[in-house]
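Report on one structure; see the data block that follows.
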Amino acid sequence: MSPTLMLAWKSVRNRRITAMLTIMTVAISVVLLLGVERVRTQAKSSFANTISGTDLIVGGRSGQVNLLLYSVFRIGNATNNIDWKSYQEFSQHRAVKWAIPISLGDSHKGFRVMGTNHSYFEHYRYGKKSPLKLSEGREFSGLFETVIGSDVARELGYQIGTEIIIAHGISDVGFSRHDNLPFKVVGILAPTGTPVDKTVHVSLEAIEAIHVGWESGAHLGNTPSAQQLEKQNFQPQQITAMLIGLKSKIQAFSLQRQINTYPKEPLSAILPGVALHELWGMMSVAEQALMVISAFVVIAGLLGMLSSLLTSLQERRREMAILRAMGARPKHILSLLVLEASTLTLLGLVAGVTILYGVLASIAPFIQQNYGINIEMVALSHYEWKLLAAVQLAGTVIGFIPAFRAYKQSLSDGMTIRV
């Protein structure tokens, strides 16, 4: 370690209280700057990894962002349903390789209930085309059987064989529950880090069965018992949306146009990637605003450090003069103060990154549980390193301001300070 650097370190240690406050100011600004960037990138990654390998999403006529949000992310509700005959027609289209029907609208203790069929477990992909896997049990086969996501099982303490009650609509209140039609948990899906983990999956036939006597969304008639319903042959009448995989991606635009101009009912077909791009475009203003606020916080932190250095400089004029009297040249004084500023900034960066990972580790489960965003504890990205380098450079440059003031102070000025 060079003598100047050692002297700078000892000087920082000698003013440890002021130095600690300066370091924490820089650290907090770094936590906000990197935190906004990390949550922004992780949110995009989490959303993008929710669905993979699906070429088209089809729903009732609506905006493509709204269709994407309710069909994939379970956010919001559909403006309209799709007739089952329309699903059958397009699922058998010559360009379609597979189709997954989805029926939403019910819930269980805050978790969305989704009706579907075997195609969902066979063809749905997330992340890098990863298939769904069962950590326990099997797929549903009976009318009143359910497969639940990993978050549902963990948070509610459910196991294979547990009986659950589904509620009509999103609000799980007493008068809306299908109390006489319990579902038995027969399978638990492995964690995916997507809304699948927070979903209760049942068959499309089960959705039809539990709504017998619930015409117009209200319980207007007597609901048959589970034994009576199991003897009936239910056929879906409507679904909320469908996910489509094509034999060739080249046919995506052609089929999309056919669906959007379908004469029998108003439908919308969207490309998931295009809809995600539009969603990011809508969020870009908020992202930029957060980044600007973060930048101003960093500037405020660095200005606080500058104020601290300038204030301490007035108290250290005699110290500078003594160093000059002992043979230190003006350039040594300049180097000393620049190194002090650089050291404080570096320590602030280290403290900020440490605090950031601690905060992310503590809030990651909460964000995953409430917003479905998976925050991964990954190493700093290239862009984040560039942000840290920019802050370090700014802190070093700021150090030149008090350094030049000390550089210009004469030996006699330092030795004749009036106290």
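Which FRET efficiency value, to the nearest 0.05, is calculated for residue 380 and residue 18 with the Förster distance at 35 angstrom and r the Cβ-Cβ distance?
0.75
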(message) My understanding is that a pair violates if its Cα-Cα distance is over 29 Å; which of 97/128; 128/184; 44/264; 133/386; 128/264; 184/249 do that in this structure?
(response) 128/184; 44/264; 133/386; 128/264; 184/249
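Order of 119, 103 from fewest to most other C-beta atoms within 10 Å?
So the ranking, lowest neighbour count to highest, is 119, 103.
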(message) Could you give the length gained by full extension between residue 285 and residue 129, i.e. 0.36 nm per residue of separation minus their alpha carbon distance, to one decimal place?
(response) 53.1 nm
(request) Would you kindly state how much longer the chain becomes between residue 155 and residue 233 on full extension, computed as 0.36 nm times their sequence separation minus their alpha carbon distance, in nm to one decimal? (result) 24.7 nm
(message) If I model a spin label at residue 357 and residue 264 as a point 7 Å from the Cα along the Cα→Cβ vector, what separation in nanometres do I get?
(response) 5.7 nm
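Quick one: 52, 248, fewest Cβ neighbours within 10 Å first, how do they rank?
Lowest to highest Cβ neighbour count: 248, 52.
Calculate, for residue 364 and residue 180, the FRET efficiency according to 1/(1 + (r/R0)^6) with r their C-beta to C-beta distance and R0 25 Å; round to the nearest 0.05.
After rounding, the FRET efficiency stands at 0.05.
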(message) How large is the convex hull of the C-alpha atoms of the range 83-139 per residue, in Å³?
(response) 116 Å³
(request) Restricting things to alpha carbons, find the Rg to Rh ratio for the range 60-192 using the Kirkwood radius for Rh. (result) 0.96
(request) Quick one: order 150, 254 by neighbouring beta-carbon count within 10 Å, fewest to most. (result) 254, 150
(message) If you build the convex hull over the alpha carbons only and average its shadow over all orientations, what do you get for the range 225-311? Give it in nm² to one decimal.
(response) 14.1 nm²
(message) Students often check this: by mean Cβ neighbours within 10 Å, which of 347-354, 138-145 ranks highest, and how do the rest follow?
(response) 347-354, 138-145
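Throughout, read-outs are computed from the coordinates displayed, never taken from laboratory work. These numbers come from a predicted model, not from an experiment. A quick note on method: Cβ atoms are made from the backbone with ideal geometry, for glycine too, and the neighbour counts reach across all protein chains shown.
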